[in-house]
Structures are given as C-alpha cells and as structure tokens.
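Novice: Starting off with a structure, shown below.
The values are calculated or read from the model by the stated rules, or taken from the named source; none is laboratory data. Only a predicted model underlies this, so the values are computations on that prediction, with no experimental measurement involved. Here Cβ is always computed from backbone atoms with ideal geometry, including for glycine, and neighbour counts include all displayed protein chains. Heavy atoms of the whole protein, side chains included, go into the accessibility calculation; ligands, DNA and RNA do not. Shrake-Rupley method; radii C 1.70, N 1.55, O 1.52, S 1.80 Å.
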Amino acid sequence: MTHSRGSRPARLTQLTVPKGNVLSGPDWVVEKSNQQHRTRKERLVAAPNENSSRVSEIVLDPQRGDQLFVSADTTVQLVGGRCATCHSMFFPQFSISHNVGCTSDEIEQMLLGPTGVLSSYTTQYYSPPPPYPVTDPFDPFSVGAVAFPEGIEVIGKLVPEPGVAFAIGDRVELVELELTDVSDGSEIRTWAFQSAKKDGSNR
Amino acid sequence: MRGEPVVVVGVGSHPWGKFPDKTFVDLGATAVQEALKDAGVTWQDVPAMVSGIYVWGGTDALNAGHAIGARFGYTGIPITNVFNMCATATSALRSAYHVVASGEQEMCLAVGVDVSPKGFFGFMGKPDPMDTDYLRFRLIGLTNPGYWAIEARKRMAEYGTTERHLALAKVACSKHGSLNPAALFRKAYTQEEVLNSPLVADPLRLLEICATRDGAAAVLLCSKAKARTLTTKPIHLAGVGLGSCMQGDPTVRLGTLCAPVEPSAPRLSESVAAAQMAYNMAGIGPDDVDLVELPDNSSWHYLQYIETLGLCGPGEADGLLEQGETLIGGKIPICPSGGASSYGEAISAQGLLQVCDVVSQLRGDAGQRQLVGARVGLTQTYGQLGNSSTAILTT
C-alpha cells in the first residue's frame with residue numbers, strides 16, 4: 001500500500017449542519033483557496049427534533065433513492081433485510097442472501113438499532129480513494145463494526161468523542177452524518193456510530 | 001475424479017515492480033518465455049493456454065492471453081481468459097490442470113499478469129447505490145487495509161495477538177525476502193523498525209501491509225508421459241482447489257457491509273474450502289506440508305492463514321511465529337520467498353508466482369533460502385469477494 005498525496009486535484013468536503021442537535025465534532029478548519037474561503041467541518045447531527053416521526057431516505061442517486069437508514073425524532077435505525085422463511089439477515093436490505101436450501105422470496109425489512117455493541121474498529125490515517133469525498137488536508141477517521149441484538153454486525157463510520165478511546169464492547173448508538181462534497185456539490189448522508197451514554201439516554 | 005497425473009515442467013516470471021516503459025504484454029511474454037525455456041520447449045509446442053486477465057486495463061487486458069500469444073505468433077490454439085479476483089492466477093492454473101488431467105492435451109500453459117494503479121485499490125465501475133462496494137467507498141471510506149485492521153483487532157481481543165506479533169510477521173517475511181534475489185523489497189527489518197513505521201489503519205502499519213506492484217508469472221503443465229521426455233526433476237501438481245465462501249462466515253468480506261454475529265461457518269470459509277479441496281485431491285493433510293506460500297497481504301493475513309490452512313489450531317500462530325517455527329529451518333516455513341510482503345502484490349499473477357517459488361524449493365534450486373528435504377509445498381491466495389484458491393505441489 002502506498003499513498004501519494006497531491007496526485008489528484010484538491011477536493012474539499014463541506015459538511016452541512018442542518019438545524020438539529022449538534023452533538024459533537026472537531027473544531028472548524030478554514031482553508032483559503034484561490035478564489036474563495038472554503039469551510040470544512042465534520043460535524044455530527046442528530047435527526048431534527050420534530051414532533052412527528054419522519055423517514056429520511058439517503059439519496060445517493062435522486063432517481064433511485066435507495067433506503068439505507070431511517071430517522072425518527074432523534075432515533076436512527078439501519079434498514080436491513082430478513083428472509084421470512086429461513087431468517088437469514090443482511091444489510092443493506094437489497095443485498096439479499098439465503099441460508100442454504102431456502103428459495104423463499106418473502107424478504108421483509110428489519111430495522112437495526114438504535115443501539116449496538118462495538119465488536120471491532122480501526123482508524124484510517126490515509127485518505128481513502130475516490131469516490132470517498134476527499135479532503136485536503138486529510139483528517140484521520142475511524143470505522144467500526146457493530147453487533148446488533150438481532151444477530152448481524154454492520155460496519156460504519158465511528159465518531160470519536162474528544163479524549164475517549166474506543167474499546168471493543170462499547171455500547172454505541174446510531175446517528176446520522178451529513179456531508180457535502182464541495183467539488184460537485186453533492187450531498188451525502190450516511191449512518192455513523194457514536195458512544196451511547198452509560199445510562200442509555202440520548203443526549 | 002482425479003484424471004491423469006499432472007506435472008509442472010516449466011516455470012517463469014517477470015520481476016515484480018513498476019514498469020512505466022513496458023506494456024503488460026511485455027511482462028506476460030517474458031514470463032511465458034522463461035517458462036518455455038525452463039521446460040526446454042518452444043511456443044509452437046504449446047497446444048493450449050489459460051491466461052489470467054486484469055481489470056485495470058482496456059480490451060487487451062480483458063483478453064490478455066490472446067494479446068500475449070500474439071507476441072509469439074498466433075497458432076490457433078485454444079486460449080481461455082479467466083478472472084476470479086485474487087484467485088485469478090490459480091484459477092488459470094486449475095483450468096490448465098484440467099486440460100491436461102482430462103487427456104485433452106498433453107501440455108497446457110497457465111499465465112497471469114497484472115498492472116495496477118498505485119496506492120489503495122478503489123472502486124471499479126460506475127457509481128451504483130445498490131453496489132455495496134460503491135457504498136463502502138462512498139459512504140464509509142473503508143479501504144481494504146481498513147477491513148483487515150478490523151479483523152486484526154478482533155484477533156487481538158480473541159487470542160491476545162499484540163502489535164509486536166503483527167510486526168514480527170513482517171520481520172519474518174523480510175528475513176526471507178532478503179535472501180531472494182528475485183524479491184523487490186530486500187531489506188530485513190527489525191521489529192522496532194516495523195513498529196516505527198506509520199499507522200495506516202490501526203493496528204496495521206505501513207510495513208505490515210503489502211504494496212501493490214505489477215508482474216507476470218507462467219507455469220507449463222504436462223502429462224507424466226510427456227514430462228519423462230523433458231525433465232529429470234518432475235514436480236507434481238497433486239492438488240488444486242478453488243473455494244467460494246459459505247453462508248454464516250463471520251468475516252466482513254471486502255466490499256460488503258455486514259456479517260453474522262454468531263458464526264455457522266469458519267472465518268475465511270472460501271479459503272478453508274479451497275484448501276480442503278486441494279488436500280483431498282492430493283490425499284494429504286496439513287501435517288504433510290513442508291512449506292507454504294500464503295497470502296501475506298497484511299500481518300493479520302499471515303497469522304490468520306497459518307490457522308485457516310490447518311497448520312496449527314486457532315490462536316496458535318502467534319506462538320509458532322514467536323518461536324521461529326515459521327522461518328526457514330522451522331517446523332513450518334511460511335513464505336520462504338519473502339511473500340507478497342517482499343515482492344508486492346500483482347493480483348492476477350500472484351498465485352502463479354507462488355507456484356514458481358514452491359517449484360524452485362522442491363527442485364532444490366532456491367539458493368540461499370533453500371529448505372532441506374522439502375517434498376510438499378502449498379500455495380494459497382486470499383479472496384476479495386469469497387473466491388480463494390490453493391495448489392499443492394509434491395516432488
């Protein structure tokens with residue numbers, strides 16, 4: 001594995017901060033480019049506090065709108081799938097697999113979360129290749145594997161809390177993370193994990 | 001069904017590295033030429049060929065066997081091009097095996113070549129929100145070493161593997177690589193040097209992850225009767241296995257986003273399946289193996305594959321490594337060539353390079369890194385999406 005910084009055009013990621021509960025995040029980083037100030041920040045947001053539940057679709061391609069997670073009030077859940085007959089589980093819901101011998105087509109949605117247990121994690125110190133929205137400079141970020149009580153483990157970004165180290169066995173909760181790729185203005189909304197409070201309450 | 005015995009009669013490779021002034025055909029043709037020379041035959045003697053392809057190039061790359069064949073002149077022989085992720089080169093070997101074992105041809109050439117972009121492997125193809133490999137890059141940014149790091153940390157929690165063990169795996173490979181004139185990276189590292197290399201995806205460090213490089217390797221197979229006319233040192237391809245993953249495997253496979261919490265199949269089940277198939281074909285077990293070229297893509301792979309191949313029990317690889325048993329002269333020498341750690345990895349060619357190295361050991365041609373009395377060697381590849389392969393070679 002080698003890494004060559006600067007071999008591709010500099011792209012900055014601007015993370016939008018929708019109205020809602022700002023939970024945590026590193027400090028603002030402001031950079032000056034030729035023409036304009038660009039602002040980059042990785043900021044974690046909870047789903048907006050609305051009285052009525054809302055289902056938010058992650059829109060990767062507006063034409064398709066495939067659903068990976070749902071937000072209702074401050075609760076975020078992943079949308080996995082399960083076979084009604086053989087009970088095989090998978091995420092995302094369209095990534096269908098069966099236990100051997102089952103040919104059922106009765107696939108049902110299975111909501112995962114909002115909490116799970118961290119089963120492993122890593123911090124990546126080099127920028128991933130595209131199509132990950134590249135930032136310059138690159139800030140290391142963490143990814144975790146989280147086990148849900150339903151019996152399935154899912155990977156996702158892991159949001160640090162300042163001064164707190166991750167540990168296998170940590171209880172984590174799902175949150176929604178938004179970012180805008182300033183290179184093309186596309187909005188990316190993804191799921192992420194962050195430490196759940198010991199008493200189980202949302203903050 | 002076994003078919004006719006199959007013998008390796010020629011091996012050849014182009015050095016691993018980056019060759020901006022060469023095409024993949026140059027690399028592949030060199031490997032083929034070396035293998036033919038090693039066997040003492042000419043291109044006109046080759047009645048069939050199977051070639052691994054690679055996905056980073058254009059139409060010629062997807063039709064690699066024909067492009068390489070053109071360099072020697074078209075002869076009308078059957079040429080099959082195969083792609084099977086990390087198992088590509090050994091899949092070419094397996095197809096070539098069947099051409100000979102079935103009696104269709106008395107010889108068949110297997111070749112693999114790879115020319116890849118530098119750095120992390122990225123997403124190949126068009127953005128597709130229903131492609132989990134696209135999603136992992138776009139929404140999570142998890143690189144291949146990131147996946148391996150997640151597995152490595154699980155291993156640390158499960159078996160007490162430490163960062164020092166991970167560093168020691170690189171030390172062991174680099175010690176072997178320093179003895180291999182064909183290796184690209186020939187420095188023998190100390191544990192401290194490895195531990196001082198930068199973290200890429202913790203706990204894995206830069207020196208604990210193999211580099212991507214370009215290369216080509218070729219192996220000429222023939223029937224036992226034909227081999228008698230060509231060599232006095234026949235090496236038998238006693239088993240060649242190909243495996244796919246099993247439902248219930250707890251490994252979060254590259255390019256996927258989930259795995260079951262409670263396993264109902266072994267970790268890296270595709271590799272377990274491939275190895276079992278090869279062991280069964282060869283009629284031997286792990287205890288009979290004298291040397292192993294395994295996929296040391298990272299230090300996690302190094303430790304995990306010793307166990308996946310049944311060479312020791314779960315969690316015991318760390319101890320074997322610490323005691324020096326995986327070194328040349330130890331109980332079970334692992335990657336006596338130096339492995340991908342010392343060559344770099346050229347995906348579609350690596351499996352055949354491993355065969356070249358095992359053959360040189362079994363022939364007694366391995367120079368400074370020669371093992372004493374080695375009779376059975378095993379090669380094993382990793383698998384991106386659950387495709388893995390194994391070859392067992394015997395004297």
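Novice: With aliphatic (A, V, I, L, M), closer than 18 Å to B:Tyr159 by Cβ and open to solvent by 30 Å² or more (accessible area, probe 1.4 Å) as the only criterion, which of B:Val272, B:Val261 stands out?
Specialist: Working: B:Val261 fails: closer than 18 Å to B:Tyr159 by Cβ.
Unique residue meeting the criteria: B:Val272.
Novice: Looking only at segment B:182-230, which residues are out of contact with any Ser or Thr (no Cβ under 7 Å at 6 or more places or on another chain), of a type in the set (Ser, Thr, Tyr) and open to solvent by 40 Å² or more (accessible area, probe 1.4 Å)?
Specialist: B:Thr190, B:Thr229
Novice: Determine whether A:Ser95 is within 10 Å of chain B (Cβ to nearest Cβ) and in contact with a helix residue (DSSP H, G or I) (Cβ under 8 Å, 6 or more places away or on another chain).
Specialist: Details: within 10 Å of chain B (Cβ to nearest Cβ): yes; in contact with a helix residue (DSSP H, G or I) (Cβ under 8 Å, 6 or more places away or on another chain): yes.
Taking the combined requirement at face value, the residue satisfies it.
Novice: Would you mind stating whether B:Cys335 is at positive phi and crowded, with 21+ Cβ neighbours inside 10 Å?
Specialist: Details: at positive phi: yes; crowded, with 21+ Cβ neighbours inside 10 Å: yes.
So B:Cys335 fits the description; yes.
Novice: Among the residues of segment A:119-146, which ones are buried (at least 18 other Cβ atoms within 10 Å of the Cβ), of a type in the set (Phe, Trp, Tyr) and either under 15 Å from the mean Cα position of the chain (by Cα) or more than 7 Å from every other protein chain (Cβ to nearest Cβ) (or both)?
Specialist: A:Tyr121, A:Tyr132, A:Phe141
Novice: All but one of (1) of a type in the set (S, T, N, Q); (2) touching a strand residue (DSSP E or B) at 6+ places or on another chain (Cβ under 9 Å); (3) touching a residue at least 40 places away in the same chain (Cβ under 8 Å); (4) away from every other protein chain (no Cβ under 13 Å) hold for B:Asn196; state the number of the condition that does not hold.
Specialist: (3)
Novice: Could you check, for segment B:306-320, whether at least one of its residues is within 21 Å of B:Pro203 (Cα to Cα), under 11 Å from the mean Cα position of the chain (by Cα) and either of a type in the set (Ser, Thr, Tyr) or surrounded by fewer than 24 Cβ atoms within 10 Å (Cβ to Cβ) (or both)?
Specialist: Among the residues of segment B:306-320, not one is within 21 Å of B:Pro203 (Cα to Cα), under 11 Å from the mean Cα position of the chain (by Cα) and either of a type in the set (Ser, Thr, Tyr) or surrounded by fewer than 24 Cβ atoms within 10 Å (Cβ to Cβ) (or both), which makes the answer no.
Novice: Here's a check for you: in segment A:75-108, which residue that is within 15 Å of the chain's Cα centre (by Cα) and open to solvent by 30 Å² or more (accessible area, probe 1.4 Å) is modelled with the highest pLDDT? Write out each step before concluding.
Specialist: Step one: filter segment A:75-108 for residues within 15 Å of the chain's Cα centre (by Cα), giving A:75-80, A:91-92.
Narrowing the set further to residues that are open to solvent by 30 Å² or more (accessible area, probe 1.4 Å) leaves A:75, A:77.
Numbers: A:Thr75: 91, A:Gln77: 94.
The qualifying residue modelled with the highest pLDDT is A:Gln77.
Novice: Would you confirm whether or not segment B:123-132 contains a residue that is under 30 Å from A:Phe166 (Cβ atoms) and either open to solvent by less than 10 Å² (accessible area, probe 1.4 Å) or in contact with a helix residue (DSSP H, G or I) (Cβ under 9 Å, 6 or more places away or on another chain) (or both)? Give the derivation first.
Specialist: First, pick out the residues of segment B:123-132 that are under 30 Å from A:Phe166 (Cβ atoms): B:123, B:129, B:131-132.
Subset that is either open to solvent by less than 10 Å² (accessible area, probe 1.4 Å) or in contact with a helix residue (DSSP H, G or I) (Cβ under 9 Å, 6 or more places away or on another chain) (or both): B:123, B:129.
Looking for residues that are under 30 Å from A:Phe166 (Cβ atoms) and either open to solvent by less than 10 Å² (accessible area, probe 1.4 Å) or in contact with a helix residue (DSSP H, G or I) (Cβ under 9 Å, 6 or more places away or on another chain) (or both), one finds at least one in segment B:123-132, hence yes.
Novice: Can you tell me which of B:Gly112, B:Gly122, B:Gly58, B:Gly65 is within 23 Å of A:Phe141 (Cα to Cα) and of a type in the set (Gly, Ala, Ser)? Steps first, answer last, please.
Specialist: Values: B:Gly112 fails: within 23 Å of A:Phe141 (Cα to Cα); B:Gly58 fails: within 23 Å of A:Phe141 (Cα to Cα); B:Gly65 fails: within 23 Å of A:Phe141 (Cα to Cα).
After ruling out the rest, the residue left standing is B:Gly122.
Novice: Can you tell me which of B:Ala110, B:Ala96, B:Ala152, B:Ala157 is more than 14 Å from chain A (Cβ to nearest Cβ) and in a helix (DSSP H, G or I)?
Specialist: Being more than 14 Å from chain A (Cβ to nearest Cβ) and in a helix (DSSP H, G or I) holds for just one of B:Ala110, B:Ala96, B:Ala152, B:Ala157, which is B:Ala96.
Novice: Given segment B:220-321, what strands (runs of 3 or more DSSP E) lie entirely inside it while holding 3 or more residues that are within 13 Å of chain A (Cβ to nearest Cβ) and not β-branched (Val, Ile, Thr)? So that I can check it myself, show each step before the final result.
Specialist: Details: elements: B:235-244, B:258-260, B:291-293.
Counting at least 3 such residues, we get B:258-260.
Novice: Still on this structure, please answer the following. When A:Ser71 is evaluated against the numbered criteria (1) assigned to a loop (DSSP other than H, G, I, E, B); (2) within 19 Å of the chain's Cα centre (by Cα); (3) modelled with pLDDT under 90, which criterion, by number, is the only one it fails?
Specialist: The number of the failed condition is (1).
Novice: Okay, moving on. Restricting attention to segment B:343-395, which residues are open to solvent by less than 10 Å² (accessible area, probe 1.4 Å) and part of a strand (DSSP E or B)?
Specialist: B:Gly377, B:Leu378, B:Thr379, B:Gln380, B:Ser388, B:Ser389, B:Thr390, B:Ala391, B:Ile392, B:Leu393
Novice: Right, next: Sort through B:Asp21, B:Asp60, B:Asp26, B:Asp114 and tell me the only one that's farther than 23 Å from B:Lys233 by Cα and crowded, with 24+ Cβ neighbours inside 10 Å. Spell out how you get there, then give the answer.
Specialist: Numbers: B:Asp21 fails: crowded, with 24+ Cβ neighbours inside 10 Å; B:Asp60 fails: crowded, with 24+ Cβ neighbours inside 10 Å; B:Asp26 fails: crowded, with 24+ Cβ neighbours inside 10 Å.
That would be B:Asp114, the only listed residue that is farther than 23 Å from B:Lys233 by Cα and crowded, with 24+ Cβ neighbours inside 10 Å.
Novice: All but one of (1) surrounded by 21 or more Cβ atoms within 10 Å (Cβ to Cβ); (2) touching a Pro at 6+ places or on another chain (Cβ under 8 Å); (3) closer than 23 Å to B:Leu36 by Cβ hold for B:Thr143; state the number of the condition that does not hold.
Specialist: Checking B:Thr143 against (1) surrounded by 21 or more Cβ atoms within 10 Å (Cβ to Cβ); (2) touching a Pro at 6+ places or on another chain (Cβ under 8 Å); (3) closer than 23 Å to B:Leu36 by Cβ, the one that fails is (3).
Novice: Could you identify the single residue in A:Pro114, A:Pro149 that is modelled with pLDDT of 95 or more, more than 7 Å from chain B (Cβ to nearest Cβ), within 25 Å of A:Thr74 (Cβ to Cβ) and touching a strand residue (DSSP E or B) at 6+ places or on another chain (Cβ under 7 Å)? Give the derivation first.
Specialist: Working: A:Pro149 fails: touching a strand residue (DSSP E or B) at 6+ places or on another chain (Cβ under 7 Å).
After applying the criteria, what remains is A:Pro114.
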